[in-house]
1. Ignoring ligands, DNA and RNA, what percent of the 1.4 Å accessible area of the chain is carbon and sulfur?
2. Identify which of Leu233, Leu384, Leu26 has the largest mean-square fluctuation in a Gaussian network model of the chain, with springs joining Cα atoms closer than 10 Å.
3. Can you tell me the convex hull volume per residue for segment 191-295, based on C-alpha atoms, in Å³ to the nearest whole number?
4. Just to confirm, what accessible area per residue do you get for segment 368-442 at 1.4 Å probe, in whole Å²?
5. Once you've got the GNM for the chain with C-alpha springs shorter than 10 Å, pick whichever of Thr297, Thr334, Thr226 has the biggest mean-square fluctuation.
6. So what are the ³J(HN,Hα) numbers for segment 9-22, from phi and the Karplus equation (6.51, -1.76, 1.60; θ = phi - 60°), rounded to whole Hz, Gly and Pro as x?
7. When the Cα centres of segment 65-120 and segment 227-262 are compared, how far apart do they sit, in Å?
8. Okay, helix-only estimate at 222 nm for the chain: each DSSP H run of n ≥ 4 adds -39500 (n - 2.57), divide by all residues, round to 500 deg cm²/dmol; what do you get?
Amino acid sequence: MNATSDPSPVLFWFRRDLRLNDNTGLNRALAGGKPVQCVFLFDTHILEELPRDDARVGFIHETLQAIHTELVRRGSSLRILHGEPETVWANLAGERSWSAVYANRDYEPYATERDQKVAALLKTRGIPFVDVKDQVIFERDEIVKADGTPYTVFTPYKRRWLEAWNTGRSQAPEPLASGRFLASQHPFPSLESLGFRSSAIRVPPYRIHHLESYAATRDLPAEDGTSRLSPHLRFGTVGIRQVIADTREADDTFRSELIWREFFMQILHHFPRVVDQNFHRKYDGIAWRNRDDEFQTWCAGRTGYPLVDAGMRQLNATGLMHNRVRMVCASFLTKHLLIDWRWGEAYFAEKLLDFELSSNNGNWQWAAGTGCDAAPYFRVFNPLEQHKRFDPGSTYVRRWIPELDSPDYPRPLVDHKYARERALQAYKAGLSLAVPPRTSGQ
Ligand code: FAD
């Protein structure tokens, strides 16, 4: 290895931006003129929580392997690190002289805290930590109300987002900048050496197709009517600027969905307490039933409500679930079964290939009625009506429930009308316990 012959190279730290093209932080690192060593850290704090055949770990590993191969072609390599961030970074920083560490900014509470600790540690060695915006069009405080406070309702946020988009400088995707990668020959570890094995579940490839009719087909789970790009946005195998460039033909509804993603990201940034608390504290008094047996029945897709069961089975088998069906499953768990949204959120977090803390939390709180711009609590989806309306030929439901018409298919776990009334009572009773918010002057 001749890495030591280069004076003070820089490091680029890949996290949820697993691509060489249109990668703002990497381009910034390359533009500085110093040779760049790319690294990725398999963080044991995160890995410890995951099943050994987690499909997301396999996907990350595969994607990194492709990046490594490309870097080898360019005379460099991807250095894979494995351990706790502070220990790994302390070792790396002490190894030789580095002139800076570059990364793309991450907004989740764990990542923010980790980055602050790593930046402080690097500072003690005189190494600047430079993080830049990459995973969103607008971040943190860029879209706020006139008085500087965050938006908590989607429609005015979206209006302001579109104004900023239409009047701001163009945000076109940028190819990999010219620059120099550090000559290095780091070996690429096997998945097994990281303690994992491959999964039968695969991330579908990124491919944008027929989004012209998105608004008409997006709610029909039997159709191939949505983009299926969420895992790619999650891991940054495609950048948001590239997605916008690739979907120019798509209608406004599609753009709105991308804005929902950023809306929930800024909610999590400004209100990190939503991770485990209701956005609206007035719902804190709801007496969840939290029946474990009913939760297990929901997880297994055996509630006797076909649309709910098909969705849960799709999730268990593929790591994905259609958005309309996610809404129905989440509503069923929180309202029909009166199980705390945090249980459902955690189950989705474990299973979803596109698991994103901000979107998952935001949508679960939306479904439970506790969220910032949520469905009103008295709106209880009727899973049978939703089935009739959005899967009228039962094509989707039959795909996941082969025994639908046989005696093996369970009877409904709870009667819809009864469950609806029970939910309304529980929500009303919870709200009556709420302490009224303090108004100014009190
Ligand atoms: P498309 O319909 O093609 O939308 C394009 C992109 O817009 C998506 O990839 C996503 O980035 C964004 N988007 C679409 N709908 C939403 C939405 N409601 N909220 C935020 N962003 C949206 N999405 C996640 O990415 N990660 C999650 O962990 C997640 N958990 C969810 C949990 C529940 C209970 C519900 C109801 C929705 C959740 N969603 C989540 C939102 C949505 O279901 C998925 O983004 C969508 O199904 C992904 O499929 P797609 O890429 O084909 O979406």
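1. Numbers: 10280 of 20090 Å².
Solvent-exposed carbon and sulfur of the chain make up 51 percent of the total.
2. Per the Cα network of the chain with a 10 Å cutoff, Leu384 tops the list.
3. On the way: hull volume 23.2 nm³, N = 105.
It comes to 221 Å³ per residue, whole-number rounded.
4. On the way: 4790 Å² over 75 residues.
Heavy-atom SASA per residue in segment 368-442 reads 64 Å².
5. Thr297
6. Here the 3J(HN,Hα) series is x, 10, 10, 10, 9, 6, 9, 10, 9, 7, 7, 8, 7, 6 Hz.
7. Going from one Cα centre to the other spans 27 Å.
8. -13000 deg cm²/dmol
The values are calculated or read from the model by the stated rules, or taken from the named source; none is laboratory data. Because the structure is a prediction, the values reported are computed rather than measured. Backbone-built Cβ (ideal geometry, glycine too); neighbour counts: all protein chains shown. For the accessible areas, the whole protein counts, side chains as well, though only heavy atoms, and no ligand, DNA or RNA atoms are used. Shrake-Rupley method; radii C 1.70, N 1.55, O 1.52, S 1.80 Å.
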